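J.: One structure, pasted below without further comment.
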């Protein structure tokens with residue numbers, strides 16, 4: 001399916017045309033795509049869709065941005081008292 | 001209905017292994033059947049029965065003998081099976097359904113079925129550094145806390161702590177496919193949350 005508002009490329013470099021993926025299907029394939037676990041022909045199909053579909057490009061960019069932002073999210077850790085207890089235990093251990 | 005050996009409880013409390021082995025052999029088939037009514041697979045029913053027997057062992061000394069021993073054992077079993085069943089339901093719910101509201105896509109009778117609707121397509125968030133603002137970090141932090149447990153664990157281990165997929169599968173006892181589905185659902189939900197505050 002050619003997404004609305006875009007023109008399909010005049011020629012395709014592939015021997016066989018990649019299968020059509022609808023946007024609704026593509027959004028569920030993006031993690032497998034990013035993880036690099038899609039079978040080769042699905043990979044080609046996703047890339048072909050993305051090339052022609054600006055909204056899906058935006059969606060993918062948003063997934064990537066979300067992942068990148070997660071890298072700087074504050075994390076919960078042991079409370080200071082617990083950490084102090086552990087440090088004390090460590091010191092005692094080698095005393 | 002089997003008549004219960006009146007000495008059974010005493011023998012178990014005294015650590016009589018023969019008595020324990022016999023009662024496990026005798027009651028486990030029915031326990032499996034009960035467990036199976038709550039959980040999805042035979043192997044998880046077997047785990048539940050095992051867990052129930054371990055629970056019985058732990059509280060054997062506290063058993064007051066008001067009910068029949070067998071009734072008490074099955075009560076422990078049902079509690080364990082319910083707990084497991086609820087967990088499985090949650091996990092299933094974590095793995096089902098689309099991650100993007102289907103109403104944002106065109107209907108099947110449209111010229112472009114399943115394509116984004118013009119008025120519901122995602123719009124550019126602008127330059128990425130904007131997302132790193134403290135405000136969005138706080139939003140993500142809260143949104144992570146609201147993810148279903150396993151999605152949260154997978155997303156945090158992968159994307160916050162930087163573990164690779166093999167490590168996460170190992171740590172959370174997941175198949176690679178389930179790990180990816182949980183990661184996908186978690187990330188997609190978080191993307192949606194950000195979209196809600198940015199757009």
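Where a number appears in this text, it was derived from the coordinates with a stated rule and is not lab data. Because the structure is a prediction, the values reported are computed rather than measured. We place every Cβ from the backbone using ideal geometry, glycine too, and count neighbours over all the protein chains shown.
J.: Restricting to DSSP H runs of at least four residues, report the calculated mean residue ellipticity at 222 nm for chain B, -39500 (n - 2.57) per run over all residues, nearest 500 deg cm²/dmol. Could you put the intermediate results ahead of the total?
T.: Working: 8 runs with 122 residues, N = 199.
Helices in chain B give a 222 nm mean residue ellipticity of -20000 deg cm²/dmol.
J.: Along the Cα→Cβ direction, 7 angstrom out, place labels at residue B:42 and residue B:170. What is the inter-label distance in nm?
T.: 3.1 nm
J.: Moving on. For the residues B:198, A:21, what sequence is obtained by ranking on other C-beta atoms within 10 Å, fewest first?
T.: Numbers: B:198 16, A:21 21.
The fewest-first ordering by Cβ neighbours comes to B:198, A:21.
J.: Which whole number gives the average count of other chain Cβ atoms within 10 Å of the Cβ atoms across peptide B:151-164? Please report the intermediate quantities before stating the final value.
T.: Numbers: counts 0, 0, 0, 0, 4, 4, 0, 3, 7, 7, 3, 2, 0, 0.
Mean shielding by partner chains, rounded to a whole number: 2.
J.: Moving to a separate point now. Measure nothing but the geometry: give the 0 to 90° angle between the long axis through the Cα atoms of B:176-198 and the longest principal axis through the Cα atoms of chain B, rounded to 10°.
T.: Tilt of helix B:176-198: around 50 degrees.
J.: Any chance you could give the angle, 0 to 90 degrees and rounded to 10, that helix B:69-95 forms with the longest Cα principal axis of chain B?
T.: That helix lies at roughly 10 degrees to the long axis.
J.: Here's something else I'd like to know. Could you calculate the FRET efficiency of residue A:68 with residue A:94 from 1/(1 + (r/R0)^6), where r is the beta carbon distance between them and R0 is 45 Å, rounded to 0.05? All intermediate terms of the calculation are to be shown ahead of the outcome.
T.: On the way: r = 41 Å, r/R0 = 0.92.
Once rounded, the FRET efficiency stands at 0.65.
J.: Strictly greater than 24 Å: what percent of every Cα pair in chain B meets that? Display every interim value, and only then the final one.
T.: Numbers: 11909 of 19701 pairs.
So the pairs more than 24 Å apart make up 60 percent of the total in chain B.
J.: So between residue B:11 and residue B:149, what do we pick up on full extension, going 0.36 nm a residue minus the alpha carbon distance?
T.: Numbers: separation 138, 0.36 × 138 = 49.68 nm, distance 4.20 nm.
Separation in residues times 0.36 nm, less the Cα-Cα distance, equals 45.5 nm.
J.: Pick from B:46, B:128, B:156: which is most flexible by mean-square fluctuation in a GNM of chain B where alpha carbon atoms under 10 Å apart are linked?
T.: B:128
J.: On a full-extension model of 0.36 nm per residue, what is the gain between residue A:79 and residue A:40, subtracting their alpha-carbon distance, rounded to one decimal in nm? Provide the component values of the computation, followed by the final result.
T.: Working: separation 39, 0.36 × 39 = 14.04 nm, distance 4.71 nm.
Roughly 9.3 nm would be gained on extension.
J.: Please arrange B:173, A:32 by how many other C-beta atoms lie within 10 Å of their C-beta, fewest to most.
T.: Details: B:173 8, A:32 19.
Lowest to highest Cβ neighbour count: B:173, A:32.
J.: Kindly express, to the nearest 10 degrees and within the range 0 to 90, the angle between helix B:17-36's C-alpha long axis and the longest C-alpha principal axis of chain B.
T.: 40 degrees
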